[in-house]
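Visitor: Here it is, the structure, as structure tokens.
Each reported figure results from applying straightforward, stated rules to the coordinates on display, with no laboratory input. Every value quoted in this text rests on a predicted model; they were computed, and no experiment measured them.
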Amino acid sequence: MRLLTLFKREEMMSSISRSGSVSWPLTLIMFFEFLIGLTDVYIAGKVSKEIQATYGFVIQLYFIFIVIGNALTVENGYL
């Protein structure tokens, strides 16, 4: 019951609204980054399986760093 009163507060709803307006562009960017990486792995698989495995591993690391970098950038702009 107490949880419901927490979400009814104006400041909480305002914070959620601001968070949503900031996060949707990054969600779109990350989706397109995913599609580019998936396409690259598919093309690398046409060359050889070893290259595909190597590139698949590297693109996962790259994706993690991009997510962290975008999160830090948004955090600094939001505060």
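Visitor: Fully extended, how many nm does the chain gain between Phe63 and Ser23 (0.36 nm per residue separation, minus their Cα-Cα distance)?
Guide: This chain segment gains 12.7 nm when fully extended.
Visitor: What is the ratio of the Cα radius of gyration of segment 22-78 to 2.2 N^0.38 Å, with N the residue count, to two decimals?
Guide: Taking the Cα Rg and dividing by 2.2 N^0.38 Å, one obtains 1.34.
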